[in-house]
1. So which of Gln95, Gln84, Gln79 ends up being loosely packed, with under 14 Cβ neighbours inside 10 Å, at pLDDT 95 or above and under 28 Å from the mean Cα position of the chain (by Cα)?
2. Return yes when Val296 is over 21 Å from Phe114 (Cβ atoms), assigned by TED's automatic domain parsing to the domain that holds Val136 and at pLDDT 65 or above and no when it is not.
3. For Ala212, which of the numbered conditions (1) touching a helix residue (DSSP H, G or I) at 6+ places or on another chain (Cβ under 6 Å); (2) surrounded by fewer than 21 Cβ atoms within 10 Å (Cβ to Cβ); (3) more than 20 Å from Ile244 (Cα to Cα) fails to hold?
4. Of everything in region 120-143, what is in a helix (DSSP H, G or I) and over 19 Å from Lys164 (Cβ atoms)? Give them in sequence order.
5. Test Val203 against the stated conditions and say whether it is among the β-branched types (Val, Ile, Thr) and over 20 Å from Gln84 (Cα atoms).
6. Filter region 168-198 down to residues that are under 27 Å from Met137 (Cα atoms) and part of a strand (DSSP E or B) and give me whichever is farthest from the chain's Cα centre (by Cα).
7. Surrounded by fewer than 19 Cβ atoms within 10 Å (Cβ to Cβ), over 23 Å from the mean Cα position of the chain (by Cα) and in the same structural domain as Gln95 (by TED's automatic domain parsing): is that true of Ala161 in this structure?
8. Kindly list the number of the only condition in (1) part of a strand (DSSP E or B); (2) modelled with pLDDT of 70 or more; (3) not hydroxyl-bearing (Ser, Thr, Tyr) that fails for His265.
Amino acid sequence: MGSLLPRRTRRTQRKEPRLSSATSASSAVYVVIVAAALFAAASPVAAQMTGAPAAGYKRKAGMPSSALPAPLREIGFDQNLDRQIPLDIPFHDDQGRSVTLGSFFGRKPVVLAFAYYECPMLCTLVLNALASSLDVMSLEPGKDFEIVTISFDPREKPALAAAKKEAYLQRYKRPGAAGAWHFLTGDQSSINRAATAAGFRFVWDDGLKQFAHPTGIIVVTPDGRVARYLFGIEYGPRDLRLAIVDASAGRVGSPVDSFLLYCYHYDPMTGRYGLAIMRAMRLAGAATVVSLALFVGVMLRRERRARHTG
């Protein structure tokens, strides 16, 4: 037993071999890769779809809470992505002039909203949220996009559209907004053609004497094809900006927007842009390779300098 003690002592006194620069680099790279993968996996992906009608819609007496009123079963958004909206549909603008829908298309994406101007609640919330999101964005109205609001109540006339426009220009005071936000009225035939092509389904509830309709906005390409739907009564500025840039095929926005469009993809079920995990991991992998090359290069240079000075 006594003879073993010196051996153990000698073993514990042996110096551990020093790691080479390449071994250190490999260990560092492994840590970076694991961290990048964990970061990508932990990033939020899911989003809620909020395209339903407003809560609290009046039910008939005796109707169970789980049952929707008949009008609400007929409304919603049809996902008519890439469908052409007829640009020859006649309307009247807020100045009372006869125009076609195509008057506002051709060079820039169009943010399209269906709303009737005397709506007691939902349409006001939609337009308020749209104005707030537009005001946050750095994209410029008239230069980067147009905004078209179509009343789906054929009884409403240009005077009411002009009043509505004036009210929203008090909220959205960006330069160019007056010439870029158009409030239209039209007859039932024009309204139906535009709404059907855009996938906007609404009904008149004779019992409540008001329209039942979904909530959301539509982003359309410069040539009139449906590009994106954003549902609900809140539109994140990032989602709206990416939708406009997406609809413009890269002609609007900055290189940063193009980078974000690579990392984020549009989910038609939610009407939101979510992080594309595989794309993010590819970018993280590329960044890791570049970092590894730089790290190894720096370590080798230091080692050569140390040999020369030694």
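The values are calculated or read from the model by the stated rules, or taken from the named source; none is laboratory data. None of these values were measured; they are calculated from a predicted model. In this analysis, Cβ positions are derived from the backbone assuming ideal geometry, glycine residues included, and neighbour counts consider all displayed protein chains.
1. So the residue among Gln95, Gln84, Gln79 that is loosely packed, with under 14 Cβ neighbours inside 10 Å, at pLDDT 95 or above and under 28 Å from the mean Cα position of the chain (by Cα) is Gln84.
2. no
3. For Ala212, the exception is condition (2).
4. Val136, the sole residue that qualifies.
5. Here the answer is yes, as Val203 does meet what is asked.
6. Among those that are under 27 Å from Met137 (Cα atoms) and part of a strand (DSSP E or B), it is Leu184.
7. no
8. All conditions are met except number (2).
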